[in-house]
Amino acid sequence: MKVVLQNLTKKYPNRNKKIGGEVTAVGDFNFEIPDGQLIGLLGPSGCGKSTTLNLISGLIKPTSGKIWFGETDVTNLPPENRGIGLVFQNYALYPHLTVRQNITFPLENLKGDKKLSREVMNDKALEAAKLVQIDHLMDRKPSELSGGQQQRVAIARALVKVPRVLLLDEPLSNLDARLRLQTREEIRRIQQETGVTTIFVTHDQEEAMSISDMIVVMKDGYVQQIGKPQDVYDDPVNLFVAKFLGTPPINVFEGKVKGGKVYVGNDAIGDAANVSDQDVWIGIRPEGFILDENGPLHCNMERVEVMGRDVSIVSTNPCSANVTVRSIISSDIKVDRTKTDVRFSVKPHKICIFNKDTEERIHI
Amino acid sequence: MENKSMKGWLYLLPALIFLGVFMVYPLIDVFIYSVEEGYNSASQSFYGYGAYNFSYVLHDTYFLQAIRNTFLLVVITVPISTGIALLLALAITSIEKFKDIYQTVFFLPYVTNTLAIGLVFMILFKKTAYSEGMVNMLIMAVGGSSIDFIDGPYWAKMFVLCFYTIWVVLPFKILILTSSLASVNQDYYNAARVDGTSKWRIFYKITLPMISPSIFYLIITGFIGAFKAYSDVVALFGTNLNSAGMNTIVGYVYDMLYGDSGGYPSYAAAAALILFAIVLTITCINMLVRRKYVYI
């Protein structure tokens with residue numbers, strides 16, 4: 001099911017009556033989600049990603065704008081008529097019901113000619129449970145399950161009615177690191193097996209990048225960038241997106257463009273032929289550096305961190321906006337740790353420059 | 001380890017001393033009184049030990065009347081007051097405007113003195129030579145004939161007593177239930193809404209199980225409270241409860257100790273122990289039921 005968000009806006013009256021006015025939780029959101037895709041809504045807390053999800057679910061009504069599921073306008077439909085499955089951050093499993101009763105709960109609500117017999121309900125519940133691999137736990141209570149298992153029950157409950165759209169609110173935030181890795185792959189697998197259009201909310205960029213077909217980066221209620229994870233990572237539209245994506249985070253320098261060259265301090269690290277002279281922010285991903293004895297960028301060596309697969313050189317530079325400059329290089333390359341200075345050259349396509357005031361990207 | 005547990009007991013000692021002096025010792029004493037036959041409090045003498053006190057109390061028509069009254073009171077008021085409190089708590093929770101005001105209004109009777117409320121009920125229900133009372137005026141306005149609720153037929157008096165008891169216990173129950181309803185995570189309701197659950201089913205399948213611990217708490221304390229009813233009855237019908245036919249078990253115990261026919265601590269102790277046995281049994285039954293129906 002294709003989902004279209006059209007100028008979707010949600011405003012709340014300001015809680016602080018002294019200031020008054022309105023707070024925009026979600027502003028002018030336009031996005032056409034193709035059928036069967038997995039979409040990650042990504043942003044820091046308070047950016048409006050959960051509000052967007054709740055708008056799509058119908059639990060809150062938009063101030064303006066429209067939501068389309070396929071060719072139907074669902075903006076004014078209550079949640080139960082939208083055909084959605086929703087997984088809550090805390091799973092919201094009914095603690096007094098068994099796993100089976102939890103999963104069949106949505107089916108028991110069906111009325112009239114849609115009403116199912118008990119056997120059909122149990123079969124469908126078992127089918128959903130098998131999909132998320134919890135069919136051996138059907139008679140347990142939620143309190144007798146681990147976090148990951150509860151998560152699966154919640155997904156099974158959301159899937160049992162065969163929703164047109166599956167919505168997941170911070171699905172992994174209550175799991176420990178190892179389980180998180182495992183579960184996110186699981187979500188991807190389930191999504192691909194069912195082919196249901198899925199939208200999930202997360203503040204963890206790694207999570208969003210790893211499993212999404214497309215990610216939407218939001219800030220303060222407004223969409224910053226929509227695109228394939230790798231494209232957004234390589235080609236951020238502004239400094240916020242650049243900083244938000246990637247671990248370790250992007251290195252940001254205060255610099256300038258002069259005579260078609262990009263300068264960090266006095267070091268000309270790359271070309272920007274078509275850009276007029278101005279002060280800029282320069283963003284370089286950690287993997288954009290090449291250790292080079294004759295490289296243009298001079299930094300002071302702090303320490304070297306060995307990660308096994310690669311090595312990270314932590315250095316400082318007077319122009320750096322971060323405390324340290326972190327570069328990641330292959331562990332095959334030998335680093336001379338006794339030196340106090342270190343020099344890099346920078347891969348040309350890894351240099352992103354941003355307007356100093358608006359922080360918008362300047363394309364080189 | 002040894003030292004640590006000594007320390008623990010030392011910290012507990014003040015509480016243990018008070019509990020011992022004011023709870024454990026009187027309990028044992030009551031038991032002793034109840035088996036001492038022909039005990040005379042003036043001379044502190046008695047004939048011997050036996051179950052005569054229990055047999056006397058159980059054959060005393062006043063005591064049987066008191067048991068009947070108390071049971072009626074319990075059976076009628078506990079379910080009704082809990083039910084009404086639940087309805088009111090649901091109503092208060094579902095409104096948005098003036099929620100705080102309603103909460104305060106419904107809580108007012110709780111901070112009002114029992115005797116003061118009793119006085120108000122007297123004004124509402126009492127029929128005198130000069131006035132019919134508010135309620136009778138209402139009854140007559142709709143074409144009925146007046147009833148003497150305070151000195152009249154048994155069922156009328158019982159009605160006033162139950163009405164009064166329900167009124168007095170409501171605020172506490174509403175308070176507990178509103179806070180219990182507020183503590184149910186909104187996500188459960190959202191999840192149910194997304195699945196198209198009807199209002200009634202949400203209430204029956206989600207709200208009720210979620211607040212069931214509070215409901216059972218209220219039922220148990222309600223039972224115990226109603227079994228111990230006394231001051232309410234005095235507030236309505238005065239101290240001569242036996243002649244009014246409205247005595248309760250605790251009232252009977254009091255009368256046996258200090259009333260006009262009093263001075264029989266052994267009978268009082270026996271009656272008190274019978275009350276204790278009744279409350280214990282009911283509470284145990286409640287606990288068993290609770291284990292079956294309350295999910296936590």
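Here is how the numbers come out for the structure above:
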item	result
Descending semi-axes in whole angstrom, ellipsoid equivalent of region B:88-224, from the Cα gyration tensor	38, 16, 15
Hull-based mean projected area of the protein assembly as shown, where the convex hull spans the alpha carbons, in square nanometres	48.5
Whole-number D in µm² s⁻¹ for region A:205-298, Kirkwood Cα-pair radius fed into Stokes-Einstein, 10 °C, 1.306 mPa s	108
Highest to lowest packing among A:153-165, A:189-201, scored as the average C-beta count within 10 Å	A:153-165, A:189-201
Most mobile of A:50, A:320, A:330 in a GNM of chain A (Cα contacts under 10 Å)	A:330
22 Å Cα-Cα threshold exceeded, pairs from A:49/A:243; A:114/A:141; B:99/B:205	A:114/A:141; B:99/B:205
Computed [θ] at 222 nm, deg cm²/dmol, chain B (DSSP H ≥ 4; -39,500 (n - 2.57); rounded to nearest 500)	-23500 deg cm²/dmol
Global geometry of region B:1-140, whether rounded, prolate or oblate, following the gyration tensor of its Cα atoms and the 1.5 cut on a/c	oblate
Inter-label distance, nm, simple model (7 Å from Cα along the C-beta direction), residue B:199/residue A:61	1.7
Shielding by other protein chains, A:100-109, mean Cβ within 10 Å	3
Viscosity 0.692 mPa s, 37 °C: Kirkwood-radius Stokes-Einstein D of region A:122-167 over Cα pairs, µm²/s	307
Loop trypsin sites (Lys or Arg not before Pro), region A:257-364, which have at most 13 other Cβ atoms in a 10 Å radius of their Cβ (DSSP)	A:309, A:334, A:337, A:339
Under the span-like rule (Cα at least 20 Å along the axis, Kyte-Doolittle mean at least -0.5), DSSP H helices of chain B	B:2-19, B:61-94, B:154-182, B:208-227, B:265-293
GNM flexibility winner over chain B from B:31, B:98, B:159 (Cα, springs under 10 Å)	B:98
Peptide-level mean, for B:184-192, of C-beta atoms on other protein chains within 10 Å	6
Calculated FRET efficiency for the pair residue A:68/residue A:340, C-beta based, R₀ 45 Å, to 0.05	0.15
Separation in nanometres of the label points that stand 7 Å from Cα toward Cβ, at residue A:16 and residue A:322	3.2
Percent of alpha-carbon pairs separated by more than 18 Å within region A:18-95	50
Largest-first principal axis extents, alpha carbons of region A:248-362, Å	41, 25, 23
Debye intensity ratio in log₁₀ form over the Cα atoms of chain A, taken at each q of 0.10, 0.13, 0.14 Å⁻¹	-0.75, -1.04, -1.13
Helix-only mean residue ellipticity at 222 nm for chain A, each DSSP H run of n ≥ 4 adding -39500 (n - 2.57), per residue, nearest 500	-7000 deg cm²/dmol
Using a Förster distance of 35 Å, the FRET efficiency for residue A:287-residue B:183 (Cβ separation, nearest 0.05)	0.10
Reach of residue B:126 by Cα under 13 Å, taken over aspartates and glutamates that are not fewer than 8 positions away in the same chain	B:148, B:151
Globularity ratio of region A:81-185, using Cα Rg and 2.2 N^0.38 Å	1.04
Pairwise label distance in nanometres, residue B:19 with residue B:137, each label 7 Å out on the Cα-Cβ vector	5.4
Where N is the number of residues in chain B, Cα Rg divided by 2.2 N^0.38 Å	1.24
Qualifying trypsin sites (Lys or Arg not before Pro) for region B:71-159 [loop in DSSP, other Cβ within 10 Å: at most 11]	B:97
Other protein chain Cβ atoms within 10 Å, averaged over every residue that makes up A:82-94	4
Candidates A:227, A:308, A:48: whichever shows maximal mean-square fluctuation once chain A is modelled as a Gaussian network with Cα springs under 10 Å	A:308
Once exposed loop GluC sites (Glu not before Pro) are cut out (DSSP; at most 16 other Cβ, 10 Å), longest piece of chain B	B:133-296
With Cα atoms, 0 to 90° folded angle of helix A:177-194 axis to chain A main axis	60
Convex hull per residue volume in Å³, alpha carbons only, for region A:155-252	113
Between 0 and 90°, nearest 10: helix A:99-108 axis offset from chain A longest Cα axis	70
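All of the numbers you see were taken from the coordinates with simple rules; none came from a lab. Nothing here was measured: the structure is a model prediction, and the numbers come from that model. Don't worry about glycine lacking a Cβ; one is built from the backbone with ideal geometry, like all the others, and counts go over all protein chains shown.
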